[in-house]
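Every read-out reported here was derived from the displayed coordinates using simple, explicitly stated rules and does not represent laboratory data. Keep in mind it's a predicted model, so treat the numbers as computed, not measured. Here the Cβ positions follow ideal geometry from the backbone for every residue, glycine too, while neighbour counts run over all protein chains shown.
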Amino acid sequence: MAVTGKVGADAIFILLRHSCHIILKYNLKLNNAITAAQTAGAITVGQAATCSAFVAGASAACAAFEALAAYTGF
């Protein structure tokens, strides 16, 4: 059963949708920036791995939130 109406979650979904759009649009540039920062010594190998994992996981997370948004009517 779909949950509809404004309960505050709609604002979160709007923010997530916008954030997902930006992350997915600039995925390649983000990965290049992560690699460059690690190479320059600005971030550690662990930080680079964390950043890369976040960018890679964004695609799956965004798809899940889009499905949830469609179900809830947001």
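Note on A42 and A70: their simple-model spin labels are 3.7 nm apart, each label 7 Å out from Cα toward Cβ.
With each label modelled as a point 7 angstrom along the Cα→C-beta vector, the F13-A56 pair spans 3.0 nm. Ordered by the number of other Cβ atoms lying within 10 Å of each residue's own Cβ, fewest first, F13, F74, F54 fall into the sequence F54, F13, F74.
Helix 9-25 axis versus longest C-alpha principal axis of the chain: approximately 40°, rounded to the nearest ten. Helix 27-40 and the longest principal axis of the C-alpha atoms of the chain enclose an angle of approximately 30°. For the chain, find the longest principal axis of its Cα atoms and tell me its angle to the long axis of helix 45-72, 0 to 90°, nearest 10. The helix 45-72 is inclined about 10 degrees to the chain.
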